[in-house]
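Following: one structure in structure tokens, then a few remarks.
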Amino acid sequence: MATWDDVRRLATALPEVTERPSYDGRPAWRVKDKLFAWDRPLRGGDLSALGADAPDGPVLGVSVPDVGVKDALAADDPDVYFTIPHLDGYAAVLVRLDRIDEAELAELVTEAWLCKAPKRLAKQFRETLGD
């Protein structure tokens, strides 16, 4: 089970990340001012759309490379990943933070960062990893 402290530690360990609250005052992480991970509580419309499947724990939003990746994650592991109508057509997926392990969270946050980081910065980061 991951926590917001885990998200914060993983996100801020990546190059040129800033933590700045979102418009509603919740934690959000950016690279070069591009949002890649954020606290995304479910709102009334989300709860109505999800019905009984709506999670009651913390929800993390993360960028993904494309809508196909979002759909695949939600289909492959619906206990962890899901989406809402508000995100239709948008390359982002929601994560039940209390159902993801730290290793998978680390991979997810890093991939989200790579989606939004400038190409040169992402290339430098990959080179440090030996990719």
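Every listed requirement among (1) open to solvent by 50 Å² or more (accessible area, probe 1.4 Å); (2) over 15 Å from residue 95 (Cα atoms); (3) out of contact with any Cys (no Cβ under 8 Å at 6 or more places or on another chain); (4) not hydrophobic (A, V, I, L, M, F, W, C) is met by residue 3 save one, (2). If the condition is being touching a residue at least 12 places away in the same chain (Cβ under 8 Å) and small (Gly, Ala, Ser), then the range 16-28 contributes only 22. Among the residues of the range 1-15, those that are closer than 16 Å to residue 113 by Cβ and free of Cβ contacts under 8 Å to residues at least 12 places away in the same chain comprise 9, 13. Of the listed requirements (1) within 19 Å of residue 7 (Cβ to Cβ); (2) without any contact (Cβ under 8 Å) to a residue 60 or more places away in the chain, residue 37 misses just one: (2).
The values are calculated or read from the model by the stated rules, or taken from the named source; none is laboratory data. Computed from a predicted structure; not experimentally measured. Backbone-built Cβ (ideal geometry, glycine too); neighbour counts: all protein chains shown. Accessible surface is based on the protein model in full, side chains and every heavy atom, while ligands, DNA and RNA are left aside. Shrake-Rupley method; radii C 1.70, N 1.55, O 1.52, S 1.80 Å.
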